[in-house]
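A quick write-up on the structure given underneath.
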């Protein structure tokens with residue numbers, strides 16, 4: 001079916017989310033907690049848009065709103081900008097140390113906060129994307145704990161998590177840089193736990209923790225003949241297809 005986004009006519013499938021159609025057509029809608037691998041988050045509310053349907057206007061979260069009829073979408077109206085500014089202000093008060101949120105403040109011309117209490121030193125916006133990622137992998141090393149103003153993302157008992165395999169997926173998907181990961185001399189540190197890294201058999205690059213390898217071997221019931229990083233694995237696969 002055809003819909004309009006900011007005056008541009010776009011093709012959309014029944015049930016497809018507005019955000020996905022907008023991205024496919026090069027129309028920018030800001031997001032923080034959205035991930036193509038784990039859709040349906042909707043925590044940050046930053047991707048709000050106006051939908052005109054049946055002659056009526058409503059504000060919806062574009063990453064969660066399915067298209068079921070021919071609609072018109074406005075992504076950057078004065079109303080949406082005002083609402084989005086307030087959302088960014090609240091996010092900035094919650095996680096003032098996040099570089100991504102600082103950039104959003106600059107983009108929307110938001111001055112220093114003088115109304116909301118600032119959560120000094122914090123980067124996490126509690127979107128829960130890291131927890132969902134860990135659960136999707138089948139590791140369950142971190143979770144949201146406490147409630148209300150004390151809520152946070154943490155391993156059990158705030159200690160280095162026994163179940164963590166050091167894959168770094170939680171850090172990779174975090175939209176605000178809240179999960180620190182460092183690597184040096186064949187070691188990776190995340191969640192205050194140190195992991196030994198193993199090398200690619202071809203290029204010698206460190207690319208995976210020993211615990212991650214053992215986890216994947218057990219999960220899939222196979223043992224790799226060669227340990228290859230992503231680049232070398234793709235190269236090896238391409239060579240096999242050619243020959």
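Taken together, the values in this text are just the output of simple stated rules run on the coordinates, not laboratory data. Worth saying up front: this structure is predicted, and the values here are computed from it rather than measured. Virtual Cβ from ideal backbone geometry, glycine too; neighbours counted across all protein chains shown.
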- Which whole-angstrom value gives the distance between the alpha carbon centres of the stretch 3-46 and the stretch 131-190? 27 Å
- Length-normalised contact order of the chain, Cα under 8 Å, at least 6 apart, in percent, tallies to 12 percent
- Message: Just to confirm the number: angle between the C-alpha axis of helix 230-242 and the first principal axis of the chain, 0 to 90 degrees, nearest 10?
- Response: 80 degrees
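Summing -39500 (n - 2.57) over the DSSP H runs of n ≥ 4 in the chain and dividing by its residue number, what mean residue ellipticity at 222 nm do you reach, to the nearest 500 deg cm²/dmol?
On the way: 7 runs with 71 residues, N = 243.
Helix-only estimate at 222 nm: -8500 deg cm²/dmol.
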- Task: Counting only DSSP beta bridges with both residues in the chain, tell me the antiparallel percent, nearest 5.
- Result: 95 percent
- Please state the relative contact order of the stretch 2-107 as a whole percent: Cα pairs under 8 Å, 6+ residues apart? 27 percent
- Query: When the convex hull of the C-alpha atoms of the stretch 2-107 is computed, what volume per residue in Å³ does it have?
  - Reply: 103 Å³
- Query: Roughly how many nanometres apart are two label points built 7 Å out from the Cα toward the Cβ at residue 59 and residue 219?
  - Reply: 3.9 nm
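How many percent of Cα pairs in the chain exceed 27 Å?
I get 50 percent for the Cα pairs in the chain exceeding 27 Å.
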- Query: Per q in 0.12 1/Å, what log10 I(q)/I(0) does a Debye calculation on the alpha-carbon atoms of the stretch 92-171 return?
  - Reply: -0.44
- Could you work out how far helix 210-220 tilts from the main Cα principal axis of the chain, as a 0 to 90 degree angle to the nearest 10? 80 degrees
- Counting only backbone N atoms under 16 Å from a point 7 Å out along Cα-to-Cβ of residue 116, the residues of the stretch 38-60 in range are 43-48
- Task: Kindly express, to the nearest 10 degrees and within the range 0 to 90, the angle between helix 78-94's C-alpha long axis and the longest C-alpha principal axis of the chain.
- Result: 40 degrees
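Starting from the Kirkwood radius over alpha-carbon pairs of the stretch 129-242, derive D by Stokes-Einstein at 37 °C in a medium of 0.692 mPa s and give it in µm² s⁻¹. If you can, show how the numbers build up before the last one.
Working: Rh = 15.6 Å.
The estimated diffusion coefficient comes to 210 µm²/s.
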- Quick note on 65, 206, ordering by fewest other C-beta atoms within 10 Å, gives 206, 65
